[in-house]
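The values are calculated or read from the model by the stated rules, or taken from the named source; none is laboratory data. Just so you know, these numbers come straight off a predicted model, no measurement behind them. No Cβ is skipped: glycine too gets one built from the backbone with ideal geometry, and neighbour counts run over all protein chains shown.
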Amino acid sequence: MSGLLQHQLHTRLELAAQMLDLPLTAAHVERLALELTPAVTALLAEQADTHAETAPVRYAVVGQEVDEQAGIATTRYAGCITRVSVDVDLESPAVLLANEFRMRQPDVVATEIPTATFLGLTVQPQSLHSWRWWLDTLNIAAEAVTTQGNAAHAVGEKDGVAVQLCGDGVPALLTDQGAARLMGLLAEAGR
């Protein structure tokens with residue numbers, strides 16, 4: 001990719017130098033292309049990451065069922081399950097937030113919505129950065145996180161919705177305690 005990008009950059013720089021009548025030699029243009037390729041590669045990667053963050057993740061609906069006795073509607077998606085109390089309006093803040101998270105964050109594996117302003121959210125973050133994002137997004141301090149077994153738990157808030165967060169596999173991510181402390185994911189011991 002880098003070689004192709006470097007060639008494309010060289011061609012565009014050469015054209016720009018000609019159009020602007022800049023006094024650049026072929027060696028100057030070649031050097032500019034070599035020097036700018038890593039920066040342009042990083043810029044393109046950053047742009048792709050930004051797009052990936054905002055592009056919805058479309059999951060196919062695998063199944064839907066309503067348990068009238070329990071009063072819960074369950075929708076199964078590929079990789080995610082959503083349970084909503086039948087008494088909750090589908091335009092309520094908790095439902096809208098759950099849908100936003102489910103469609104935009106591939107870490108989401110389950111959402112449970114018992115009321116219009118409460119969301120139970122289970123995620124499987126793939127990295128410390130991903131877990132940090134969840135904590136920041138839900139306004140959760142490192143001291144508020146507890147671990148039990150193979151999961152981390154905390155309660156946060158977003159857009160007026162109380163969110164009970166469960167991070168599956170997070171204790172395994174936190175085994176590098178130095179890195180976790182640097183990222184603010186673990187409180188300092190003895191303070």
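Side notes on the structure shown:
Every residue, every condition in (1) in contact with a helix residue (DSSP H, G or I) (Cβ under 7 Å, 6 or more places away or on another chain); (2) at pLDDT 95 or above, yes or no:
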| position | (1), (2) |
| --- | --- |
| W131 | yes, no |
| D136 | no, no |
| E143 | no, no |
| T146 | no, no |
| V163 | no, yes |
| D176 | no, no |
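- Test: P106 is in a loop (DSSP other than H, G, I, E, B) and in the same structural domain as N150 (by TED's automatic domain parsing): yes
- Residues that are more than 15 Å from T111 (Cα to Cα) and of a type outside the set (S, T, N, Q) within region 158-176 comprise D159, G160, G169, V170, P171, A172, L173, L174, D176, listed in sequence order.
- Test: residue in region 136-153 that is in contact with a Phe, Trp or Tyr (Cβ under 7 Å, 6 or more places away or on another chain) and either of a type in the set (D, E, K, R) or without any contact (Cβ under 8 Å) to a residue 60 or more places away in the chain (or both): no
- Identity of the residue in region 20-48, surrounded by 15 or more Cβ atoms within 10 Å (Cβ to Cβ) and in contact (Cβ under 8 Å) with a residue 24 or more places away in the chain, that ends up farthest from the chain's Cα centre (by Cα): A33
- Residue count for region 34-76, restricted to those that are within 21 Å of Q105 (Cβ to Cβ), modelled with pLDDT of 75 or more and not in a helix (DSSP H, G or I): 3
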